[in-house]
């Protein structure tokens, strides 16, 4: 699948993009820097945790242990608390009950151990910030001072931009880049801090299938080379299905954790939703038809159009 | 009197120095005003510096001190009422309307020189006393130091707030601190161009710089240069006229720079992107030039 990324960009899926991602050097990883979570410590450990906004309970009694180096996909309808889970791990949101540990410690806001790829946002077309400036924030954006291009910092920024195949467009203003190009830079930005844990919030949203493959392959490549734990929030499991170890499915305060084969079944999801749910497998793809759906969607969220669902699965 | 003779006079030297200080502060905050979509906040703060100035005139016969207090109070109010963009605009509108009304009321009780009142609105740098000049200098240095220290995290917070929060940048606090920096800068600029024309120094130079460059540092440098040329150029030009206020020349120059930048900008950016593929190299050369 990593080859797929190389092949796709070589075929010109993104014009002006240099072919592929360098497989020789670990993506965005300076030599000799320890990145992985210490052996024996889970990357993320959550016990009986609950999050509530006033009366509204997002989830309750959540138990989740993510071992270091795991690729965990987080699925569920809108409002199920997928983004909230990332915020709890980032230390931006406190659980109202239970315990949360990141590498054995309470979550700490601004931790260098975590790389964060947020949901895509539109940048103003004329914003005088280039792609490489956005990436550079990942290195020292939080430190006081003026943005000085010191040689060592510039070398690291160039290196990580090269590793995600963004060299050709990193000098252009971010507002003029496509969604796929911005997403590559987001990955570079997150990797610049050499994180042990990578939190991705719907990084594939609004990307076409070719770019979805490139982005997921890049993230998985980093995981394999540096032992980085990946928590990947998505409404469609299919693009990440080849890489996923386990799935966390959140629905209306309830949850299920397990391998995709265990969780993405009619029985498990029906009991999770408390209503009849259909799971259709066709052509290596998984499609979940949930009760809050008016339409089909790729395993998960009923509120997004089934963008990557081939028409023939609609009949199922 | 000839142009060069003016340059020998202390009041003219003071005015040029004050204008330069103001221009540097304005050039530094300008790019952030645009990035954070705060043009209306600048206008609102400056209108309310007018209210403060009117109160200052009435109570202590000191318009500058009054304007400073007014701008700081307004900065605090805007911060308290809503830092988010949408809330902010409506809350500024509300405060602006009420404050302007109060200012007009205060002025109707003021029986001093009528020119004092128009000076607040349209600026009169030549009327500033040496004591006030010192105050302006202190503020300008303060703004410059603050912007230098806060530059990187403030840019991060303005461009990419979600990741900035996750990386431990105090995004909300920075937003409020920036409001106060803005308030101080606006009060300063009001001394040169008047509360009604503050945008000509706080926004126009930065908007012109936006048109010409992609790199945030180059934009900041250009904005400072354009503000300097506008402010001091406007003062120098006004020596030749006895009837037209300096602020008119300041506005004219900054607007002319903007128009030229708008015309040249697209062509300049396109040719640069076409010729040099590595944006960083270009930016560094520009910054050094």
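The values are calculated or read from the model by the stated rules, or taken from the named source; none is laboratory data. Because the structure is predicted, anything quoted here is derived from the model rather than measured. All Cβ positions, even for glycine, are placed from backbone atoms using ideal geometry, and neighbour counts span all protein chains on display.
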Is there a residue in segment B:134-152 that is over 13 Å from residue B:25 (Cα atoms) and away from chain A (no Cβ under 14 Å)?
yes
For residue B:237, all conditions in the list (1) more than 14 Å from chain A (Cβ to nearest Cβ); (2) surrounded by fewer than 24 Cβ atoms within 10 Å (Cβ to Cβ); (3) under 16 Å from the mean Cα position of the chain (by Cα) hold save one; what is the number of the exception?
(3)
Just checking, does segment A:121-138 include any residue being more than 8 Å from every other protein chain (Cβ to nearest Cβ) and part of a strand (DSSP E or B)?
no
From the residues in segment B:116-141 that are touching a helix residue (DSSP H, G or I) at 6+ places or on another chain (Cβ under 7 Å) and without any contact (Cβ under 8 Å) to a residue 60 or more places away in the chain, which one is farthest from residue B:15 (Cα to Cα)?
B:116
When every residue in segment A:94-110 that is assigned to a loop (DSSP other than H, G, I, E, B) and more than 8 Å from chain B (Cβ to nearest Cβ) is compared, the one nearest to residue A:228 (Cα to Cα) is A:103
Just wondering, is there one or more residues in segment A:173-180 that are closer than 29 Å to residue B:173 by Cβ, more than 8 Å from chain B (Cβ to nearest Cβ), modelled with pLDDT of 90 or more and assigned to a strand (DSSP E or B)?
no
Filter segment B:153-181 for residues that are outside any helix (DSSP H, G or I) and at the interface with chain A (Cβ under 7 Å from one of its Cβ atoms); which is nearest to residue B:33 (Cα to Cα)?
B:160
Scan (1) in contact with a strand residue (DSSP E or B) (Cβ under 8 Å, 6 or more places away or on another chain); (2) within 13 Å of chain B (Cβ to nearest Cβ); (3) assigned to a helix (DSSP H, G or I) for the single condition residue A:222 breaks and write down its number.
(2)
Take residue A:300 and decide whether it is at positive phi and modelled with pLDDT of 80 or more.
no
Quick check on my filter: what residues within segment A:124-138 are surrounded by fewer than 19 Cβ atoms within 10 Å (Cβ to Cβ) and out of contact with any strand residue (DSSP E or B) (no Cβ under 8 Å at 6 or more places or on another chain)?
A:124
Could you go through segment A:80-93 and let me know if any residue there is touching a helix residue (DSSP H, G or I) at 6+ places or on another chain (Cβ under 8 Å), within 12 Å of chain B (Cβ to nearest Cβ) and buried (at least 21 other Cβ atoms within 10 Å of the Cβ).
yes
I need the full set of residues from segment B:185-219 which are away from chain A (no Cβ under 14 Å), surrounded by fewer than 24 Cβ atoms within 10 Å (Cβ to Cβ) and over 9 Å from the mean Cα position of the chain (by Cα), in order please.
B:196, B:197
Please work out if residue B:144 is within 20 Å of the chain's Cα centre (by Cα), under 27 Å from residue B:13 (Cβ atoms) and modelled with pLDDT under 75.
no
Test: residue B:231 is farther than 19 Å from residue B:35 by Cβ, in contact with a strand residue (DSSP E or B) (Cβ under 7 Å, 6 or more places away or on another chain) and crowded, with 24+ Cβ neighbours inside 10 Å
no
Unmet requirement for residue B:272, which otherwise passes all of (1) in contact (Cβ under 8 Å) with a residue 12 or more places away in the chain; (2) within 14 Å of another protein chain (Cβ to nearest Cβ)
(1)
Condition first: in a loop (DSSP other than H, G, I, E, B) and either in contact (Cβ under 8 Å) with a residue 24 or more places away in the chain or more than 14 Å from chain B (Cβ to nearest Cβ) (or both). Can you find one or more residues in segment A:146-163 that meet it?
no
